[in-house]
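> The structure is given below, and queries will be raised subsequently.
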Amino acid sequence: MKSKYDILVIGGGPAGALAAKTAAEAGNTVCLIEKRPAIGAPVRCAEGIGKDLLKEYVKPDPRWISADIERARIIAPNGTTISLEQDKAGNEVGYVLDRKIFDRELVWQAAEAGADVIVKTRATTPIMENGAVRGANIISIGTPGEILADVVIAADGVEAQFARRAGLDTTVPLRDMMSCAQYLMTDIDIDAGSTDFYLGNTIAPEGYLWIFPKGDRTANVGIGISGRRSRDGSRAKDYLDRFVAKNFPNGKMIEAIVGGVPVCRPLECTVADGLMVVGDAARVVDPITGGGIGNALFTGRLAGQVASDCIAAGDCSKGALMAYDTGWRNSKMGAAIERNYKVKEYFVTLDDAKLNTLADSIASASLKEFSVRAIIKELIKRNPKMILELKALRDALS
């Protein structure tokens, strides 16, 4: 580890790895630090991603693909199932990854591109100079130190501690923080070719429960509920335990994780002088699904490109780095996040009876694609008596 780099990346997840790889390939000196002792562990994700989306960033490898998914199913509170086959499901159906191997592969690629990688190294506070971020104070395997950099890319996940300490407001409203729990289970009866999403306020209030296969009779079984609902006396884990006891009474739990997922709008601004924020730290998680791998890859690569351009031009001010912020906001990803946030805000107001009505109305529909936009259009078309109530969904499409 040197004391000065062109770019310092904080966090070894997909966003940080793509940022480091992209910047190193552009000829910059890059250091990626990860606070945990091993890349990819513990897994804090349902591990699903669309095939086409993944292929934009990395060539699929059987070593880190746990399951090749053929269909997606949405199950309403009354059991009504909306099923979409692979040819219509787009990015909602694809691969379930093994993140422990996948994340390491991405970081290895960054290292092969020339980035230095240092684990068990935590950024404690930003190094500031005239209001600009110029690096980070660190603790590496118990030893304090510092790393100077022209640009720091904060990819430190949901906690977003570095950006907060640099002066950015990273607060997530309680109502927009999903409280999550997930078990990796084996010896359970599942459809190994389907990702299943269960809706309903008795199952997952203001959220959903998922089953993501990881092979025959093995799956990630998890749940996300609104943070404000978890204050009512039942935790996400309690809802998950009830579902598992009912549906998989003889299943074996071999891993368990809990945590939070921000389903809010992104940070008001994701850059400052000498600083860029990417992935979950930037709050670019999909507000409906809680999925963040694809958006992390997108923002990580874009940040690496913009940082490289700014270093080459000798200007790493907030104004110069804004090309990153405006770039992702004006992209399809940025538009989808804003639309899906509005859609999420509508659906969390629905009781189970309304969810059943909407699901029943489109269960037999022949959708040309499985996307948020397509489903909203079909709901509006098939529920003319609810046109005023569905105004929020119609507005989200505009």
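The values are calculated or read from the model by the stated rules, or taken from the named source; none is laboratory data. Quantities reported herein were computed from a predicted structural model and do not represent experimental measurements. Please note: Cβ atoms are built from the backbone with ideal geometry, for glycine as well, and neighbour counts cover all protein chains shown. Quick note on the areas: whole protein, heavy atoms, side chains included, nothing else; ligands and nucleic acids left out. Shrake-Rupley method; radii C 1.70, N 1.55, O 1.52, S 1.80 Å.
For (1) among the aromatic types (Phe, Trp, Tyr); (2) farther than 12 Å from ASP273 by Cα; (3) assigned by TED's automatic domain parsing to the domain that holds CYS316; (4) out of contact with any helix residue (DSSP H, G or I) (no Cβ under 9 Å at 6 or more places or on another chain), each residue gets a yes or a no:
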position	(1), (2), (3), (4)
ASN137	no, yes, yes, yes
ILE147	no, yes, yes, yes
ALA154	no, yes, yes, no
ALA166	no, no, yes, yes
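> Determine which single condition ASP156 fails, assuming it passes every other condition in (1) acidic (Asp, Glu); (2) open to solvent by less than 20 Å² (accessible area, probe 1.4 Å); (3) closer than 29 Å to PRO37 by Cβ.
Every listed condition holds for ASP156 apart from (2).
> Give me the pairs: first residue in segment 324-340 and under 12 Å from GLY294 (Cα atoms), second residue open to solvent by 40 Å² or more (accessible area, probe 1.4 Å), beta-carbon distance under 7 Å, and six or more apart or on different chains, which are they?
MET333/PHE298
> Still on this structure: Would you mind finding the one in ILE257, ILE293, ILE288 that is in contact (Cβ under 8 Å) with a residue 60 or more places away in the chain, touching a Lys or Arg at 6+ places or on another chain (Cβ under 7 Å) and under 23 Å from VAL343 (Cβ atoms)? If you could, list the steps in order and put the result at the bottom.
Working: ILE257 fails: under 23 Å from VAL343 (Cβ atoms); ILE293 fails: touching a Lys or Arg at 6+ places or on another chain (Cβ under 7 Å).
Of ILE257, ILE293, ILE288, the one residue that is in contact (Cβ under 8 Å) with a residue 60 or more places away in the chain, touching a Lys or Arg at 6+ places or on another chain (Cβ under 7 Å) and under 23 Å from VAL343 (Cβ atoms) is ILE288.
> List the strands (runs of 3 or more DSSP E) that sit entirely inside segment 20-83 and contain at least 2 residues that are touching an Asp or Glu at 6+ places or on another chain (Cβ under 9 Å) and open to solvent by 20 Å² or more (accessible area, probe 1.4 Å). Before you say what the answer is, go through the steps one by one.
Details: elements: 30-34, 48-50, 65-68, 71-75.
Counting at least 2 such residues, we get 65-68, 71-75.
> Restricting the search to segment 300-346, which residues are in contact with a helix residue (DSSP H, G or I) (Cβ under 8 Å, 6 or more places away or on another chain), within 30 Å of ARG228 (Cα to Cα) and not charged (D, E, K, R)?
Within segment 300-346, TRP328, MET333, GLY334, ALA336, ILE337, ASN340, VAL343, TYR346 meet the criteria.
> Can I ask one more? So which residues in segment 296-315 are within 11 Å of the chain's Cα centre (by Cα) and farther than 19 Å from GLU338 by Cβ?
Answer for segment 296-315, where residues must be within 11 Å of the chain's Cα centre (by Cα) and farther than 19 Å from GLU338 by Cβ: just LEU297.
> Something else now. Farther than 30 Å from THR124 by Cα, surrounded by fewer than 20 Cβ atoms within 10 Å (Cβ to Cβ) and polar (S, T, N, Q), is that true of THR202? Even if it seems obvious, please write down each step before you answer.
On the way: farther than 30 Å from THR124 by Cα: yes; surrounded by fewer than 20 Cβ atoms within 10 Å (Cβ to Cβ): yes; polar (S, T, N, Q): yes.
Answer is yes for this residue.
> Does segment 240-277 hold any residues that are open to solvent by less than 30 Å² (accessible area, probe 1.4 Å), part of a strand (DSSP E or B) and more than 22 Å from MET177 (Cα to Cα), and which are they?
Those that are open to solvent by less than 30 Å² (accessible area, probe 1.4 Å), part of a strand (DSSP E or B) and more than 22 Å from MET177 (Cα to Cα): VAL271, ALA272, LEU275, MET276.
> So how many residues does segment 278-322 have that are outside any loop (DSSP other than H, G, I, E, B), buried (at least 24 other Cβ atoms within 10 Å of the Cβ) and among the small types (Gly, Ala, Ser)?
Residues flagged as outside any loop (DSSP other than H, G, I, E, B), buried (at least 24 other Cβ atoms within 10 Å of the Cβ) and among the small types (Gly, Ala, Ser) within segment 278-322 amount to 8.
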